[in-house]
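Presented below is the structure to which this report refers.
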Amino acid sequence: MNNSVGNTGRVLWAGLRALLVLTVICGVLYPLAVTGIAQAVFPGRANGSEVKEDGRVVGSELIGQTYNLPPKDGEETPAPDLKWFQPRPSNGLGANSVNTQYQLILSGATNRSGDNADLIQWVKDAKAAVVKDNSVPGHTVKPSDVPADAVTSSGSGLDPHISPEYAKIQVHRVAEQNHLTVAQVDKLVADHTDGRILGFVGEPRVNVLQLNIALKELTQG
């Protein structure tokens, strides 16, 4: 009986010691070490890849955001502010994602198949909106010129990038809205187009937040 109680006590004490040691190592030392290394080696990424303008944080390189006009009374979905470059839709300009405002808590895709009737209609409506918004006097956008990322959200619904093709479709509209020349805005897009990672991974892309910050600086310059 005494041996049984003694053995149980030793086992419990050994387990408790293991718990304490592992808690200190895995719950304190390891997180501190990883955090310290991350802050020393790549602090920007460790802190969320923050984008700053005039000393204040205006967003993250990793998360998209909307550029809309203030909603009118009774308006469920505010209209896009056409003086800015628009991101790829978080909701297909209406309804093709569970995420309607780049909200992290609602990140996700539609999980609808390519032949889903609702998805097809959403994409058609989104394409019509892109053509309408970006056609200006002297320059008409053709439906065949609208790239896929202009009318569909990403798998997460949070993509901060658009393709160079989608950015270029918006050039004439942004130039007109901001009283700039097409050449000025076209150069802005070219300067903010990132190539493939390591020259072969992924596709060329444009970070919309950084592009709009540069656009603001150009209009105020």
- Item | Nonlocal amide H pairs with residue 53, under 5 Å, H built at 1.01 Å | 58
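Looking at the square roots a ≥ b ≥ c of the eigenvalues of the Cα gyration tensor of the chain, which shape do they give, rounded for a/c under 1.5, prolate if a/b is larger than b/c, or oblate?
Prolate shape, in that a/c is at least 1.5 and a/b is the bigger ratio.
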- So, in the chain, how many Lys pairs have Cα atoms under 23 Å apart, if the pair is 8 or more places apart or on different chains? 23
- Task: Taking H placed 1.01 Å from N in the peptide plane, check which residues at least 5 places from residue 81 or on another chain put their amide H under 5 Å from its amide H.
- Result: 67, 68, 69
- Query: Dipole magnitude of the stretch 50-220 about its Cα centre, charges +1 at Lys/Arg Cβ and -1 at Asp/Glu Cβ only, in debye to the nearest 20?
  - Reply: 220 debye
- Gained length - residue 220 relative to residue 113, 0.36 nm times residue gap less alpha-carbon distance: 34.0 nm
- Message: Output wanted: per-residue J couplings in Hz (rounded whole) for the stretch 124-140, from phi through Karplus 6.51 cos²θ - 1.76 cosθ + 1.60, θ = phi - 60°, x for Gly and Pro.
- Response: 4, 5, 5, 5, 4, 5, 5, 4, 5, 5, 9, 8, 10, x, x, 8, 10
- Message: What do you get for the angle between helix 2-24 and the principal long axis of the chain? Use alpha-carbon atoms, 0 to 90 degrees, nearest ten.
- Response: 30 degrees
- Message: Can you compute 3J(HN,Hα) from phi for each residue in the stretch 158-168, using the Karplus curve 6.51 cos²θ - 1.76 cosθ + 1.60 with θ = phi - 60°, rounded to whole Hz and x for Gly and Pro?
- Response: 10, 4, x, 10, 10, 6, x, 5, 5, 4, 5
- Item | Between 0 and 90°, nearest 10: helix 182-191 axis offset from the chain longest Cα axis | 20 degrees
- Query: By how many degrees, 0 to 90 and rounded to 10, does the Cα axis of helix 30-41 deviate from the longest principal axis of the chain?
  - Reply: 40 degrees
- Would you pull out the residues with amide H under 5 Å of residue 136's amide H, same chain only if 5 or more places away, H placed 1.01 Å from N? 141
- Dipole of the chain [Lys/Arg +1, Asp/Glu -1 at C-beta], most positive-end residue of 175, 189, 38: 38
- Task: Compare 33, 129, 14 in a GNM of the chain, Cα atoms joined below 10 Å, and give the one with the largest fluctuation.
- Result: 14
- Report relative contact order for the stretch 50-220 in percent, whole number only (criteria: Cα-Cα under 8 Å, sequence separation at least 6). 24 percent
- Message: Spelling out what I want: for every residue of the stretch 62-69, take phi, set θ = phi - 60°, compute 6.51 cos²θ - 1.76 cosθ + 1.60 (Karplus), and round to whole Hz; glycine and proline get x.
- Response: 9, 10, x, 8, 8, 10, 10, 6
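Where a number appears in this text, it was derived from the coordinates with a stated rule and is not lab data. Only a predicted model underlies this, so the values are computations on that prediction, with no experimental measurement involved. For neighbour counting, all protein chains shown are included, and Cβ atoms are generated from backbone atoms with ideal geometry for every residue, glycine included.
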